[in-house]
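All remarks here apply to the structure that follows.
The values are calculated or read from the model by the stated rules, or taken from the named source; none is laboratory data. This is a predicted model, so every value here is computed, not measured. Cβ coordinates were reconstructed from backbone atoms using ideal geometry, including for glycine residues, and neighbour counts include every protein chain displayed. When the accessible area is computed, the model is the full protein with side chains, heavy atoms only, and any ligands, DNA or RNA have been set aside. Shrake-Rupley method; radii C 1.70, N 1.55, O 1.52, S 1.80 Å.
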Amino acid sequence: MKFFTVLALSGAAQAHYHFSKLVINGTPEAAEWTSIRQTKNYQTNAGVTDVNSADMRCYQMKPGTGTATVAAGDTLGFLALSAVTHFGPVQFYAARVPDGADVNTWEAAGNVWFKIGSITAVPPYGSSEATWPAYNKKQVDVVIPKNMPTGKYLIRVESIALHQAQSVGGAQIYLSCAQVEVTGGASSGSPGPLVAFPGAYKASDPGLLWSYYPVPTTYTAPGPAVWTG
């Protein structure tokens with residue numbers, strides 16, 4: 001029985017995932033947690049289910065240690081280990097680190113996050129890759145807006161798994177925050193709308209629910225509109 005339990009837990013962990021490496025100019029980082037803050041699920045791969053938890057911000061277990069550099073207008077990739085093995089949207093948020101603040105320890109609390117990308121559902125609606133473009137992908141990408149103000153940011157990736165989201169609280173959110181310095185962007189600007197984590201989502205949001213039957217005829221991912229600059 002004990003052996004069976006260990007196997008069951010191992011299988012559950014393998015079915016989940018975490019984001020621990022960036023892909024910059026097509027090259028993956030050599031080691032995990034180089035520019036991404038190490039998350040609490042680095043061993044279990046478990047997702048966050050309480051949208052009111054502070055873990056919705058970065059899910060981190062300790063401060064960051066490194067910062068990647070990416071130019072405005074370039075593509076930034078996140079590697080999912082081992083893959084995005086649950087269907088649902090994948091979204092990207094950014095929060096600018098205030099001048100003088102330490103990027104390794106800044107908490108990004110309050111209304112400081114704006115959405116820069118969303119890989120969401122496309123018809124026909126179902127639970128396969130045909131509906132969910134990020135499903136089963138090993139890498140998900142976001143384009144850094146060309147007019148994003150130059151500076152240091154936390155870039156937050158989230159994969160909202162909907163396979164158990166038939167009722168409120170069933171969605172599982174896999175997320176992490178990368179520390180990134182954006183170069184070649186605008187000298188100023190006010191990206192938005194700004195939201196907070198926790199606070200941006202409610203457990204009852206339609207985008208955090210999914211019905212296998214009847215099959216939905218529409219889907220809108222949670223959160224604000226994407227800021228494109």
>> How tilted is helix 2-15 with respect to the longest principal axis of the chain? Cα atoms for both, answer in degrees (0 to 90, nearest 10).
In response: 50 degrees
> Along the range 61-74, what does the Karplus equation 6.51 cos²θ - 1.76 cosθ + 1.60 (θ = phi - 60°) give for ³J(HN,Hα), rounded to whole Hz, x for Gly and Pro?
Replying inline: 9, 7, x, x, 10, x, 10, 8, 10, 9, 8, 4, x, 8
> With N residues in the range 129-216, what two-decimal value do you get for its Cα radius of gyration over 2.2 N^0.38 Å?
Replying inline: 1.35
>> Can you work out the Karplus-derived ³J(HN,Hα) for every residue in the range 121-134? Use 6.51 cos²θ - 1.76 cosθ + 1.60 with θ = phi - 60°, whole Hz, and x for glycine or proline.
In response: 6, 10, x, x, 7, x, 10, 10, 4, 5, 8, 10, x, 8
> Could you give me the ³J(HN,Hα) list for the range 178-195, computed from phi with Karplus coefficients 6.51, -1.76, 1.60 and θ = phi - 60°, whole Hz, x at Gly and Pro?
Replying inline: 9, 9, 9, 9, 8, 10, x, x, 6, 6, 7, x, 9, x, x, x, 8, 10
>> Within the chain, what whole-number % of the accessible surface is contributed by carbon and sulfur, with the 1.4 Å probe and all protein chains included in the calculation?
In response: 56 percent
> How do 128-141, 22-35 rank on mean C-beta neighbours within 10 Å, highest first?
Replying inline: 128-141, 22-35
> So what is the 222 nm mean residue ellipticity for the chain from helices alone, if each DSSP H run of at least 4 adds -39500 (n - 2.57) and you divide by all residues, rounding to the nearest 500 deg cm²/dmol?
Replying inline: -2000 deg cm²/dmol
> Which lysines, on any chain, are close to Lys62 with Cα under 23 Å apart, when same-chain ones fewer than 8 places away are left out?
Replying inline: Lys21, Lys40, Lys152
> What whole-number value in Å² describes the accessible area per residue of the chain for a 1.4 Å probe?
Replying inline: 45 Å²
> Probe 1.4 Å, all protein chains in place: accessible area of His18 in Å², nearest 10?
Replying inline: 20 Å²
> So if R0 is 41 Å, what FRET efficiency would Ala186 and Thr105 give, r being the distance between their Cβ atoms, rounded to the nearest 0.05?
Replying inline: 0.95
>> How high is the relative contact order of the chain? Use alpha-carbon pairs under 8 Å, at least six apart in sequence, and give a whole percent.
In response: 25 percent
> Along each of its three principal axes, how wide is the spread of alpha-carbon positions in the chain, in whole angstrom units, largest first?
Replying inline: 55, 42, 32
